[in-house]
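Worksheet: one structure, shown below.
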Amino acid sequence: MFVFYLLLSVYIVCFVLLGWIWYLIIKLYTNKHFRECPPCVPSCGKEKKIMIDYVSELLNKSSKSLIVVDPGCGWGGLISELAKNFPKHTFIGIEWGAFTSKIAKFRTRKLKNIQIIKQDFFEYDFGKCDIIVCFLMDSLMEKFGEKILNDHKKKTQTIISNSFRIPNLPLAEEIKTGKRSFFKNVYIYKL
């Protein structure tokens, strides 16, 4: 009898996951806004470590409290790791997906220096932040660069991009991370 219930549970979980995948596929082909905002792809590997080390160095050097923003933060893995180690700084994650932003809020609920905002990051004012860390898709980078330039104020900003160049910003440094075909390198911009 136990085996029957176990198999039934596995069947139900698989059925729900398959339904969710079909829902996403249908949404991709029918909803223009959904296609413009890619699904959650978490930062990982060598690139994530480089980003964390680079931002950590900037935060350690700063005598004042800095604001670090992660547009398209997904589940909040990158900024939550930074927020744990740097309680005097402020971290803001922006995520457009309702489900994903709820997961990020839940994961970061105990950290007082982090805020998750459910919003399209193209509606956010990036002029008030000091550091931007992002892992966006190539199709968004030109529009994202324009948004950064439009929002930029007199203060110095550092933008760190995982795997994708921002074509209309002046590149300060490129950190090569390997020979993978798709996700590789970290790009650093200073305005």
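The values are calculated or read from the model by the stated rules, or taken from the named source; none is laboratory data. Here the structure is a predicted model, which means the values were calculated and not measured. Here the Cβ is made from the backbone with ideal geometry for all residues, glycine too, and neighbour counts use every protein chain on show.
So, restricting to strands (runs of 3 or more DSSP E) that lie completely within region 87-170, which ones have at least 3 residues that are in contact (Cβ under 8 Å) with a residue 60 or more places away in the chain?
Filter on region 87-170 gives 131-134, 158-162.
With GLY127, GLY178, GLY72 as the choices, which residue is surrounded by 14 or more Cβ atoms within 10 Å (Cβ to Cβ) and either assigned by TED's automatic domain parsing to the domain that holds MET51 or at pLDDT 80 or above (or both)?
GLY72
Search region 81-110 for residues being surrounded by fewer than 22 Cβ atoms within 10 Å (Cβ to Cβ) and among the polar types (S, T, N, Q), and hand back the single one that is nearest to LYS46 (Cα to Cα).
Residue satisfying both the conditions and the ranking: ASN85.
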